[in-house]
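None of the figures in this text is laboratory data; all of them are computed from the coordinates on show. Worth saying up front: this structure is predicted, and the values here are computed from it rather than measured. Cβ placement follows ideal geometry from the backbone for every residue including glycine, while neighbour counts extend to all protein chains displayed.
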Amino acid sequence: MNEQQISWDDLAIVEAGSLSGASQALRINHANVFKRLSEMVQSLGVTLFNSD
C-alpha cells in the first residue's frame, strides 16, 4: 500500500464535487486534477466512482 499523505488540495478536489470545480478552485488544469484524484484513490485503496 502506498503511504502517500493526503493534502489539503486533495481534499479540495473532493469538496468541489466535480473536476471542473476542483480545477477552478485549485487553478490547475483538468488533467492534473484527474491525476491527483487517481493517485488519491490508489493511495486510499477505495473505489470512489461506480460505472453502473
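Scanning the stretch 5-25 for residues that are of a type in the set (A, V, I, L, M) and assigned to a helix (DSSP H, G or I), which turns out farthest from GLN42 (Cα to Cα)?
Once the filter is applied, the top-ranked residue is ALA25.
What is the residue count in the stretch 10-52 for residues that are in contact with a Lys or Arg (Cβ under 7 Å, 6 or more places away or on another chain) and of a type in the set (Asp, Glu)?
Qualifying residue count for the region: 1.
Any idea how many residues of the stretch 26-41 are surrounded by 15 or more Cβ atoms within 10 Å (Cβ to Cβ), touching a residue at least 12 places away in the same chain (Cβ under 8 Å) and either not charged (D, E, K, R) or not in a helix (DSSP H, G or I) (or both)?
4
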